[in-house]
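Each remark here refers to the structure printed beneath this line.
The values are calculated or read from the model by the stated rules, or taken from the named source; none is laboratory data. Note that the structure is predicted; figures quoted are calculated from it, not measured. Don't worry about glycine lacking a Cβ; one is built from the backbone with ideal geometry, like all the others, and counts go over all protein chains shown.
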């Protein structure tokens, strides 16, 4: 095996997951790491949509909520098996995304942004108002733990051993999707819809697929979230949370799968580390969104790498192609 | 069903609808000049209300507060275009959405720093003694909102139809290239469109402040509803935007009264989704 292969991100990811499992025993850190995993699921989906589909969802918190509440209500109120509830959540989210996508994706430009934004707010209002189902503003309690092969996933460590391998699979799936025929169609779509169409890409179908796909990721993340916390409330699924997800995508870089992990990690850890960050969260998100999109539209990491390479080229007197 | 409550809902619906109409016009004007949807439009409404309230506390004169608020927010609108949108090198729609959403969130955060989370009140423009209109009551502020909105709409229409600058703006929206050929600076027109819509937003915020109080987070919902109104009207036409605003206001108010007040804010978005489903070109086909 040549040394470059050790630097393969997948090998690094696997090694990192194992390392954390072996080294970190503090419940607080593990819980934080679990949340990073769950948010990365959400961000990867949104990133596929934004980076490859060229569309934006301003209501992704709503799909997250649908997954979480379907799982929560079916298990806590109706005593259904959590895994079946998770599947039910996927079905609900997939169908909903399809229904929203049908009219919104036929039209170009802003329509998906608007439709998802409206949808996000309706779902949030519904969570607060439909108290008989959702428990209203005070939330839904008593959501049971997941179990796997007779083990109840009732500690952060056990949840970690579920969430991160699942995340690994999802990341692998996403990378696969991006490099597949569909992925190439997506990239063609992003670069120019008319050109993609003329080459025989069914743009409407591809866009729909990616949108439903991203909603399914969000639903999965929501179900995991509900079973991790055992409690959910509408305040986790606000418009601001949707914006936070977009900020994570933008920070990590659009069309970057590993960037999604980075974006989710940074914006989950920073508020925990710095109370200042927590207080000024909204301003900071706004500033990140504007500054990155104006000056480094390829994302913070890629942008900084680009700048660095540019400087190196200049120093060496090379020609920039 | 009794007539009195319906009439009452109609009055409050039209009042809110007029505010939505003003905000919708802001969206339409910027959309015309740039095909940008400015998600920060709602924050201009909030800034208008809160800065007018602050000016009023400093020097209790309503005309001064109104004028001061509008001028200040107009400058902020121009600044926003200048600093956040003009430098964008690759203006595809997803970049622009993210920037204006970021701008909205940023402005809202700053407002929270300046004014805190409490709500402030502005006195009504001419007292609070209600009129009786048949079985319903009408506040003087309702009349101010409706009347001033009407005046502003007429003035805008005159501006776009009769003045040279207004005609230049329309030319730019209709065919930017041809407009440039006859010597119209598109950059200036874009700046003007941001100034105009910021002013409209600020005006809307100051008009509604005596009825609803001013809070740092009022802009988001108002902006989104103005936006729904603009979509309802087809996003291309001013008349459509105004009509959309009024329909939305009345629908919301009737739904609040007849169904449940908890779902009040959902009405606008329900209508939005319905329009996207059934008639995405809006109730009135958009045109320049």
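Of the residues B:207, B:248, B:200, which single one is within 14 Å of chain A (Cβ to nearest Cβ) and crowded, with 24+ Cβ neighbours inside 10 Å?
Being within 14 Å of chain A (Cβ to nearest Cβ) and crowded, with 24+ Cβ neighbours inside 10 Å holds for just one of B:207, B:248, B:200, which is B:248.
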For region B:210-221, the count of residues that are away from every other protein chain (no Cβ under 11 Å) and outside any helix (DSSP H, G or I) equals 3
From the options A:222, A:259, residue that is within 25 Å of residue A:99 (Cα to Cα), more than 14 Å from every other protein chain (Cβ to nearest Cβ) and in contact (Cβ under 8 Å) with a residue 40 or more places away in the chain:
A:222
Considering only region B:274-288, I want to know if a residue exists there that is assigned to a helix (DSSP H, G or I) and within 30 Å of residue B:110 (Cα to Cα).
no
Of the conditions (1) modelled with pLDDT of 95 or more; (2) facing chain A (nearest Cβ under 10 Å), residue B:93 fails just one. Which one is it?
(1)
Counting just the residues of region A:67-104 that are buried (at least 24 other Cβ atoms within 10 Å of the Cβ) and within 14 Å of chain B (Cβ to nearest Cβ), which one comes out modelled with the lowest pLDDT?
A:104
Filter pass, residue B:224 being within 26 Å of residue B:86 (Cα to Cα), part of a helix (DSSP H, G or I), under 16 Å from the mean Cα position of the chain (by Cα) and within 13 Å of another protein chain (Cβ to nearest Cβ):
yes
So for region B:6-20 (the condition being modelled with pLDDT under 95 and out of contact with any helix residue (DSSP H, G or I) (no Cβ under 9 Å at 6 or more places or on another chain)), does at least one residue qualify?
yes
Here's a check for you: in region B:96-117, which residue that is more than 7 Å from chain A (Cβ to nearest Cβ) and closer than 29 Å to residue A:51 by Cα is farthest from the chain's Cα centre (by Cα)?
B:96
Output the number of the condition that residue B:269 fails; it satisfies all remaining conditions of (1) surrounded by 19 or more Cβ atoms within 10 Å (Cβ to Cβ); (2) touching a helix residue (DSSP H, G or I) at 6+ places or on another chain (Cβ under 6 Å); (3) farther than 20 Å from residue B:144 by Cβ; (4) away from chain A (no Cβ under 11 Å).
(4)
Among helices (runs of 4 or more DSSP H) completely within region A:268-321, the ones holding 1 or more residues that are in contact with a helix residue (DSSP H, G or I) (Cβ under 7 Å, 6 or more places away or on another chain) and under 23 Å from residue B:111 (Cα atoms) are A:275-279, A:281-295
Take the conditions more than 10 Å from chain A (Cβ to nearest Cβ), surrounded by 12 or more Cβ atoms within 10 Å (Cβ to Cβ), outside any helix (DSSP H, G or I) and touching a residue at least 60 places away in the same chain (Cβ under 8 Å) and apply them to residue B:74. Does it pass?
no
Does region A:229-265 hold any residues that are outside any helix (DSSP H, G or I) and either more than 23 Å from residue A:119 (Cβ to Cβ) or at pLDDT below 95 (or both), and which are they?
A:230, A:231, A:238, A:253, A:254, A:255, A:256
Out of the residues in region B:34-56 that are within 14 Å of chain A (Cβ to nearest Cβ), farther than 13 Å from residue B:215 by Cβ and surrounded by 24 or more Cβ atoms within 10 Å (Cβ to Cβ), state the one that is nearest to the chain's Cα centre (by Cα).
B:41
Of the residues in region A:105-127, how many are at the interface with another protein chain (Cβ under 7 Å from one of its Cβ atoms) and closer than 19 Å to residue A:229 by Cα?
0
Output the qualifying pairs, or none if there are none: Cβ atoms under 7 angstrom, residues six or more apart or on different chains, first residue in region B:116-139 and touching a residue at least 60 places away in the same chain (Cβ under 8 Å), second residue in a strand (DSSP E or B).
B:119/B:214; B:120/B:214; B:122/B:214; B:137/B:131; B:138/B:131
What is the one condition in (1) in a helix (DSSP H, G or I); (2) at pLDDT 90 or above; (3) in contact with a helix residue (DSSP H, G or I) (Cβ under 9 Å, 6 or more places away or on another chain) that residue B:180 does not satisfy?
(2)
